[in-house]
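Structure first, commentary second.
Coordinate-derived values only; no laboratory data. Just so it is clear, the model here is predicted, and its values are computed rather than measured. Cβ atoms come from the backbone with ideal geometry, glycine included; neighbour counts cover every protein chain shown.
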Amino acid sequence: MNRPKHGGNLAWAAAIASCPASSISDFSASINPLGPPSKAIAKVRENIDCLIAYPDPNYAQLKEALAHYHQIPAEYILPGNGSAELLTWAGWELSQKKVTYVITPAFGDYWRALSAFNANWSTCQLNLVSLEQEQVTTLSDTLPNQNFIAADSGLLLNNPHNPTGQIWTNKEILPYLAKFDLVVVDEAFMDFLPPEQEQSLISVVEDFPNLVILRSLTKFYSLPGLRIGYAIANPDRIKRWQKFRDPWSVNALAALAAEIVIQDRQFQQQTWDWLPPTRNKLRQGLASIPGLQPFSSSANFLLVKTSQSSTKLQEELLKKYQILIRDCLSFPELGDRYFRIAVRSQSDNSYLLEALLTLLG
């Protein structure tokens, strides 16, 4: 079985660990351990009969719910089969530009979406040394000087950034909206920041027809199996994407669950209260283990630099403890000396720290 390029491949992990997939403690996929919200599960069970009918192809009820949540017109929203489907159409749009700038290391699916349409891209590498030293790394430190950005160009930006957890302020990003012909901002992990800290650009999308925002509902609300996300963009662009894609891309149960979870204020607050202290405790534990250097993060995951082979460590954790961490081989700039882990429950995190200490200490 080939090594997976994404996290969460429990079938691959179970084969290495020689155990059932259900026995794996999965730190490779950055999914909220507090979910799925009970209200969403109850809604799905109550409406199981909807499986006998096609969903509304316009997803009007879901779009209205999302519009109310973000305080924007519904015509700016397009639900999708996870944000991955919508990234594909963003890749098509970016392929029409002379060049697309991508900050690396970058989520591997970006290359899939860009390559699918033979897009031309230029990489801009983050200063990992500065991040290791917890120095501020701004967009202007990473992207080309604004005076030298190519005409008719695009920008594909991940905020918070995966896999480092770096966050850029919306004030940093705003000037680039006037410099690039198309700006696609992947905000898949933005929900993990509470409202007073988040740096989303949703509030300005009506002012910038060249801005596309991609959001995921699967990570924060722990619904990866339902595949649900949405794009926020100018209505003309939304209509264009709607014409291209397959009909009924979002199943009826996913649409119902999405309507419920975005209204679940109790679950949202519970997550915002849980994450910072749990993440900090996990990071401190990692930093105390010889040979490990965890990065600071604004998301629900931590990038860790290791003095030993991360793939060897991954294999040992699987075989001895049934723990799966995310290797970083799919990030060429990182390779075999980094791994990424999700922030899980206190008990799971303690189990991981004990295993790492035994193997490395």
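Over the range 295-361, what lengths in whole Å, largest first, do the semi-axes of the equivalent ellipsoid take, defined as the square roots of 5 times the eigenvalues of the alpha-carbon gyration tensor?
For the range 295-361, the semi-axes come out at 18, 16, 10 Å.
Where the centroid of each part is defined by its Cα atoms, how far is the range 140-206 from the range 7-72 in Å?
First find each Cα centre; the distance between them is then 27 Å.
Over 10 Å intervals from 0, what percent of Cα-Cα pairs in the range 210-298 sits in each interval?
13, 30, 28, 19, 9, 1
Please report the antiparallel percentage of DSSP beta bridges with both residues in the range 38-263, rounded to the nearest 5.
30 percent
Taking the convex hull of the alpha carbon atoms in the range 69-209, what volume per residue do you get, in Å³?
For the range 69-209, the hull spanned by Cα atoms encloses 120 Å³ per residue.
Please state the Cα pair-distance histogram of the range 179-223 with 5 angstrom bins from zero: what percent is in each bin?
Binned Cα distances yield the sequence 5, 21, 26, 23, 15, 9, 2, 0.
Treat the count of other C-beta atoms within 10 Å as a stand-in for reagent exposure and order Asp246, Asp327 from fewest to most.
Asp246, Asp327
What is the spin-label model distance, in nm, from Asp152 to Gln125 if the labels are put 7 Å beyond Cα along the C-beta direction?
Spacing of the two 7 Å Cα→Cβ label points: 3.0 nm.
Treat the count of other C-beta atoms within 10 Å as a stand-in for reagent exposure and order Val184, Val129 from fewest to most.
So the ranking, lowest neighbour count to highest, is Val129, Val184.
Would you mind ranking Thr311, Thr169, Thr278 so that the residue whose beta carbon has the fewest other beta carbons within 10 Å leads the list?
The most exposed by this proxy come first: Thr169, Thr311, Thr278.
Would you mind counting up the charge near Leu66? Only other residues with Cβ under 9 Å from its Cβ, with Lys and Arg at +1 and Asp and Glu at -1.
0
Can you figure out the FRET efficiency of Thr358 with Arg265, using R₀ = 41 Å and their beta-carbon distance, to the nearest 0.05?
Plugging the Cβ-Cβ distance into 1/(1 + (r/R0)^6) gives 0.50.
In Å and from the alpha-carbon atoms only, list the Rg and Dmax of the chain.
For the chain, the Cα-based Rg and Dmax read 20.2, 57 Å.
Taking the Cα centre of the range 38-263 as the origin, how large is its charge dipole in debye, to the nearest 20, when only Lys and Arg (+1) and Asp and Glu (-1) carry charge on their Cβ atoms?
The calculated dipole for the range 38-263 is roughly 500 debye.
Between Tyr351, Ala15, Leu334, whose Cα lies farthest towards the positive end of the dipole of the chain when Lys and Arg beta carbons carry +1 and Asp and Glu beta carbons carry -1, centred on the Cα centre?
Value computed over the given set: Ala15.
What FRET efficiency do you get for Val136 and Ala287 if R0 is 30 Å and r is their Cβ-Cβ distance, rounded to the nearest 0.05?
Rounded to the nearest 0.05, the efficiency is 0.90.
Across all directions of projection, what mean area in square nanometres is found for the Cα convex hull of the range 26-117?
9.3 nm²
Within 13 Å, Cβ to Cβ, of Lys97, how many net charges do the neighbouring residues add up to if Lys/Arg are +1 and Asp/Glu are -1?
Result for the local shell: -1.
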